[in-house]
Amino acid sequence: MRHTIEPSITYRYITGVDNYLRVLRFDTTDIVSDTNELEYGATQRLFLRHSADQPCHDAGKAADALEVLGSAGRPEDAASDPGDPGGSDASTAPQVCGSREWISWRLAQRYFLNENFGGAVNTGPRTILATTLNFSGISFLTRPRSVSPLISRLRLRTSEHTDIEWDFDFDPCAVPFSLSSGPPSHGCDARFTANNIYVDVHQGNLFSGIGYSRLFAPGRSFVEGVSSPVAEFNQMRVLLGFGHPTRPGLSAAAYAGLDIDLGTVQYGAVQTSYNWNCCGISMEYRKYELGSVRNENAYRFNFTLANVGTAGNLRRAERLF
């Protein structure tokens, strides 16, 4: 067993964005703002090493790239593969010899020296900025503030086939929803703004996953001049599939998100693909049931030609497998 601690400090300064409130929002470029901030955090990792001798293999064949870190710095781990009569150069071909990451835990927070981000943040509905969007998925800027929520990302790899992850955002000074339209009258409350648990299981070509998410949004958007009544929700997500994108033959997966409070399915997707030696095709059907926000059916497809490229509207980030 081996334990590592990786502290990190990042200072970020951006200036010259003096027209934020007059810019229409279309993409992430339009939410760039002035900022003067300091991000600090630490990542802890716990590596397991098999008690018995394990044959080494190339890092490219490892189940997890982080296994390379588990064997880094050990002279015995840099030895050539016993099964390779010609040996190998450890300096050009990293070797993995049984070590794997068991637990990783990251804690981080940001301190804002420019509390109103150059005038971009006012007291009222939530403000989404690039600097906070790439830090936390929860919008927490409902007024000028100096400290961000504390984010925690805990991952436990119980075996080669099972992963468990627990993510949460803890806001030490969250403004209650009823106060989001004006200045706080009695300070702020400490609370969890997000709490997510994921479990993934994979065995060969079979894979599945289940997740639970609880959200508390301290300052919702205004719709037709009225604060949105939905400030928090509970959601469960389920995934089941067989295969992978490059597998010859048929692969398929299904995914669904359920609103636990209302007992309804918010969205679902079914995706399938079939690969030949020369080419492959992928198709997906996705349905959204989000009330007045979004109700629609979506169809996507991709056609892949070996050694040439892919054409279609099914993006990699939207794939289920």
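The values are calculated or read from the model by the stated rules, or taken from the named source; none is laboratory data. Nothing here was measured: the structure is a model prediction, and the numbers come from that model. Heads up, the Cβs are rebuilt from the backbone with ideal geometry, glycines too, and the neighbour counts pull from every protein chain shown.
The figures follow:
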item	result
Selected residue (only one of S159, S208, S139, S146 is of a type in the set (S, T, N, Q), under 27 Å from L107 (Cα atoms) and at pLDDT 90 or above)	S146
Among the residues listed as S148, S152, S139, the single one being surrounded by fewer than 21 Cβ atoms within 10 Å (Cβ to Cβ), closer than 21 Å to F216 by Cβ and touching a helix residue (DSSP H, G or I) at 6+ places or on another chain (Cβ under 8 Å)	S139
Which listed residue, of S152, S136, S146, is without any contact (Cβ under 8 Å) to a residue 60 or more places away in the chain and in contact with a Lys or Arg (Cβ under 8 Å, 6 or more places away or on another chain)	S152
Qualifying residue in the range 260-280 (condition: aromatic (F, W, Y), exposed (fewer than 15 other Cβ atoms within 10 Å of the Cβ) and more than 28 Å from I138 (Cα to Cα))	yes
Of residues in the range 281-296 being acidic (D, E) and surrounded by 15 or more Cβ atoms within 10 Å (Cβ to Cβ), the one farthest from L258 (Cα to Cα)	E284
Positions within the range 138-154 being β-branched (V, I, T) and within 12 Å of Y40 (Cα to Cα), in sequence order	V147, I151
Residues of the range 275-295 that turn out to be hydroxyl-bearing (S, T, Y) and closer than 15 Å to G312 by Cα, as a count	2
Residues that are surrounded by 11 or more Cβ atoms within 10 Å (Cβ to Cβ) and farther than 16 Å from A256 by Cα, drawn from the range 297-316	R300, F301, N302, F303, T304, L305, A306, T310, G312, N313, L314
Filter pass, L305 being over 30 Å from P125 (Cβ atoms), aliphatic (A, V, I, L, M) and at pLDDT 90 or above	yes
Answer residue from the range 173-200, given it is among the hydrophobic types (A, V, I, L, M, F, W, C) and either at pLDDT 95 or above or part of a loop (DSSP other than H, G, I, E, B) (or both) and is farthest from the chain's Cα centre (by Cα) among those	C188
Residue check, S33 modelled with pLDDT of 80 or more, buried (at least 17 other Cβ atoms within 10 Å of the Cβ) and in a loop (DSSP other than H, G, I, E, B)	yes
Residue list for the range 283-297, restricted to those being among the hydroxyl-bearing types (S, T, Y) and over 24 Å from the mean Cα position of the chain (by Cα)	S292
Considering residues of the range 95-107 that are buried (at least 19 other Cβ atoms within 10 Å of the Cβ) and assigned to a loop (DSSP other than H, G, I, E, B) only, the residue modelled with the highest pLDDT	S99
Among (1) in contact with a Lys or Arg (Cβ under 7 Å, 6 or more places away or on another chain); (2) within 23 Å of Y20 (Cα to Cα); (3) not in a loop (DSSP other than H, G, I, E, B), the one test that R110 misses	(1)
All positions within the range 1-30 that are surrounded by 11 or more Cβ atoms within 10 Å (Cβ to Cβ) and free of Cβ contacts under 8 Å to residues at least 12 places away in the same chain	V23, D30
